[in-house]
Amino acid sequence: MSGIVGIVHFNQTAVDRDLLSRMTKFLSYQGPDGCYIWSEGNVGMGYALLCTTANSSGGHQPYSLSKTVWAVADIRLDARDDLARSLEAKGCPISANASDIELLLWAYQVWGQTCVQHLQGDFAFAIWDASRQQLFCGRDHFGIKLFYYTRVGDRLIFSNNLNCLRQHPLVSSTLNDVAIVDFLLFEVNYNPETTVFADIKRLPPAHTLVCSDGNQVQSSYWVLPTDGCIRYSHEHDYVEHFRWLMQQAIAERLTTNRVGILMSGGLDSTAIAAIARQLSRSASQSIDLQAYTIVCETIMPDQEKTYAELAAQYLGIPIHYLVGDSYTLMQGWDHPKSRRPEPSAQVFPSLLNDVLSRAVSHSPVLLAGYGGDPVLLPSSAYALRLLRAGKLGSLIAGIWQYWCWNRRLPPIGIRTQVKKLLSRPPRSQSWTCPRWLNPTLVTRLNLAERYQSLSLAHQKDLVHPTRQEAYRNLRSPTLTSIFETYDPGITGYPVEVRYPYLDLRLVNYLLAIPPLPWFVHKQLLRRAMVGLLPDPVRLRPKAPLAGDPVAVLWQHPSSQWLDQIGYHTRMSDYVDVDFIASFGANCESSRIKLRLFSLSQWFSYANLSNS
């Protein structure tokens with residue numbers, strides 16, 4: 001993920017080129033393959049390149065087609081051939097080796113601000129249109145790429161790196177208390193437009209930002225579809241279509257001849273490895289694939305190593321094991337690469353650092369199976385909705401297909417749903433303030449009203465007719481927080497993590513096919529992997545963790561120091577420090593203590609002197 005930064009002075013004063021250069025060089029740890037800047041009068045852009053393709057020379061930025069429209073982007077486009085054909089049909093001279101930034105600018109030239117509706121992939125970009133004196137920015141559909149911005153008087157400053165924005169001397173470190181309370185309660189910020197800093201904003205996923213003198217408009221260009229409906233006469237058509245989409249998604253993420261895979265022993269990540277190996281064997285140039293697996297052998301033993309080893313041997317992929325038992329809770333929290341731009345409850349900072357350190361020594365590209373659970377989740381109420389709609393035939397057909405494959409009935413949850421319908425609707429419960437929160441803060445921020453609103457919004461997310469749980473999880477801030485966890489601008493490791501299950505074409509397909517039988521125990525994925533994975537891996541049941549690792553490790557002797565460490569003085573603005581001392585050692589309190597510890601340590605290194 002290359003680094004981008006830009007400064008626009010809408011009062012027409014010249015941009016400080018030295019400041020722009022320093023901010024661009026700050027990004028060099030996430031884009032170590034070259035730093036470039038461009039400035040002209042009141043606008044300047046910077047780019048730190050991370051080469052993630054066999055030939056990245058065509059993507060040097062900032063980039064312009066006409067010298068009047070300039071762009072800088074952290075971008076990886078899908079469906080490039082389709083986009084190129086659409087542009088050629090509009091008269092654009094698209095070369096065979098056109099870079100993604102070039103395609104972006106041609107798209108802007110043809111469609112203007114609606115160009116985002118023609119883009120697929122992972123991107124965060126800014127386009128300066130000198131003729132309009134206007135900055136146009138966009139972020140991809142799921143928020144895989146990051147985009148931050150701040151407006152200071154007549155200045156608009158943007159970057160995909162939060163700490164880069166803080167290098168500008170006019171950007172304040174004043175804190176956003178609501179975001180901090182969100183972190184303490186949920187580990188994520190539930191407002192996709194804000195950060196922990198009051199003056200620094202996030203551009204939400206699937207949004208654009210248009211800025212000019214005196215005007216700033218943010219708008220959504222896409223929402224998850226709810227009206228898709230794909231039905232085939234033959235069951236193998238569902239499997240073949242899914243397999244083809246998976247191949248497309250993974251092939252377009254294999255842009256270099258050395259690729260790493262975060263591969264547990266689970267089905268989602270091993271399926272990615274299997275298709276990547278299949279594509280590698282059929283490619284003109286073989287791809288050096290290597291897998292990285294975290295295993296637990298003593299504290300909370302699991303079978304991930306057994307299944308991961310079976311898959312790796314079957315596929316012929318070298319695998320590197322990192323044993324989680326050898327790491328202690330919060331080990332390495334004070335390492336420079338464990339320091340985060342915003343508070344982050346990292347359970348094993350050193351473990352994450354070691355995984356990324358090994359991966360980046362092999363390749364700047366890392367594939368991950370995150371997103372597999374959300375897009376392949378079954379719908380617990382789907383069977384009941386079919387009954388209520390009078391579609392008994394569809395329900396029987398789905399149950400029969402599942403029976404033929406597994407010789408048992410699917411867990412379709414009708415009895416549970418009927419009980420819910422017959423029971424009295426639950427009364428709307430008011431939000432109860434945790435006793436450990438600072439009561440003055442709770443009143444000042446009107447948190448009771450905020451969290452009541454969040455609860456109502458959570459219910460409104462259940463709008464998809466057949467895939468409610470999947471729809472809600474794909475819109476969850478928890479998903480975007482995973483992208484931030486692995487972003488090189490946050491981790492300090494120049495490796496781009498890519499998520500094939502969140503390919504837009506694949507997501508649209510999976511939201512449009514019938515949940516029963518395809519998503520019960522991930523039947524669609526299991527059938528698509530016939531012949532690609534060994535049966536013990538392909539047919540293994542989903543294995544939840546034996547317990548909460550935080551609760552288990554907090555009671556381990558190696559974690560005693562965490563209960564003895566003092567809290568930063570600013571913690572009293574948010575919590576009752578005396579009450580915290582009475583916390584017991586259970587799952588819930590262990591998670592709270594982890595967040596409290598993480599926030600306290602963040603205060604110690606976040607450089608809030610100008611807040």
### Summary
Surrounding charge for A308, neighbours by C-beta under 12 angstrom, Lys/Arg +1, Asp/Glu -1, total -1
## Note on the structure
Contour minus Cα-Cα span, A581 to T298, at 0.36 nm per residue, comes to 98.9 nm
#### Entry: J(HN,Hα) series, the stretch 504-519, from Karplus relation 6.51 cos²θ - 1.76 cosθ + 1.60, nearest Hz, glycine and proline x
4, 5, 5, 4, 4, 5, 5, 7, 10, 9, x, x, 9, x, 5, 10
### Summary
Here the stretch 249-266 yields Karplus 3J(HN,Hα) values (6.51, -1.76, 1.60; θ = phi - 60°; whole Hz; Gly and Pro given as x) of 4, 6, 4, 6, 9, 9, 9, 9, 8, 9, 9, x, 9, 7, 10, 7, x, x
### Message
When 1/r is averaged over all different Cα pairs and the result inverted, which Kirkwood radius in Å belongs to the stretch 268-349?
### Response
15.0
### Task
Quick one: work out the % antiparallel among DSSP beta bridges in the chain, nearest 5.
75
### Task
Be a star and scan the stretch 482-521 for residues whose amide nitrogen sits under 17 Å from the point 7 Å along the Cα-to-Cβ vector of V463.
508, 511-512
### Per residue accessible area of the chain, 1.4 Å probe, in Å²
43
### Task
Sketch the reach of a paramagnetic label on N607 as a point 7 Å from Cα along Cα-to-Cβ, and name the residues of the stretch 21-54 whose backbone nitrogen lies under 11 Å away.
26
### Message
Could you work out what % of the accessible surface of the chain is carbon and sulfur, using a 1.4 angstrom probe and leaving DNA, RNA and ligands out of the count?
### Response
51
### Query
Can you work out D for the stretch 83-212 in µm² s⁻¹ from Stokes-Einstein, where Rh is the Kirkwood radius over C-alpha pairs, the temperature is 20 °C and the viscosity is 1.002 mPa s?
132
### Message
Please report the spacing between the Cα centers of the stretch 307-337 and the stretch 223-246 in Å, no decimals.
### Response
34
### R435-D573 pseudo-label distance in nm [points 7 Å out on the Cα-to-Cβ vector]
2.6
### Task
May I ask you to work out the translational diffusion coefficient for the chain at 25 °C, viscosity 0.890 mPa s, via Stokes-Einstein with Rh from the Kirkwood sum over Cα pairs, reported in whole µm²/s?
94
### Query
By how many nm would the segment from S95 to D33 lengthen if fully extended, with 0.36 nm per residue of separation less the alpha-carbon distance?
19.9 nm
## Note on the structure
Placing +1 on each Lys and Arg Cβ and -1 on each Asp and Glu Cβ in the stretch 76-153, then taking the dipole about the Cα centre, the residue among A96, I144, S131 whose Cα reaches farthest towards the positive end is S131
### Query
Calculated from DSSP H runs of 4 or more alone, at -39500 (n - 2.57) each and per residue, what is the 222 nm mean residue ellipticity of the chain, nearest 500?
-11000 deg cm²/dmol
### Query
In the chain, with Lys and Arg counted as +1 and Asp and Glu as -1 at Cβ, which of these residues, Y567, P541, N160, has the Cα nearest the positive end of the dipole, that is, farthest along it?
P541
## Note on the structure
Shape descriptors of the stretch 245-298 over alpha-carbon atoms, Rg and Dmax in angstrom, are 12.0, 44
### Task
Could you go through the stretch 303-315 in sequence order and give the Karplus-derived ³J(HN,Hα) for each residue, using 6.51 cos²θ - 1.76 cosθ + 1.60 with θ = phi - 60°, rounded to whole Hz, and x for Gly and Pro?
10, 4, 5, 4, 6, 5, 5, 4, 5, 5, 5, 4, 8
### Task
Would you mind working out the magnitude of the charge dipole of the stretch 44-175 relative to its Cα centre, with +1 at each Lys and Arg C-beta and -1 at each Asp and Glu C-beta, to the nearest 20 Debye?
380
### Task
Would you please give the residues with an amide H less than 5 Å from that of D288, counting only those at least 5 places away or on a separate chain, with H modeled from the backbone geometry?
R258, V259
### Message
Assuming 0.36 nm per residue, please report the length gained on full extension of the stretch D548 to Y232 beyond their Cα-Cα distance.
### Response
109.6 nm
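The values are calculated or read from the model by the stated rules, or taken from the named source; none is laboratory data. The model shown is predicted, which means the values in this text are computed figures rather than measured ones. Note that each Cβ is placed from the backbone with ideal geometry, even for glycine, and that neighbours are counted across all protein chains shown. Surface areas here come from the heavy atoms of the whole protein model, side chains and all, with no ligands, DNA or RNA. Shrake-Rupley method; radii C 1.70, N 1.55, O 1.52, S 1.80 Å.
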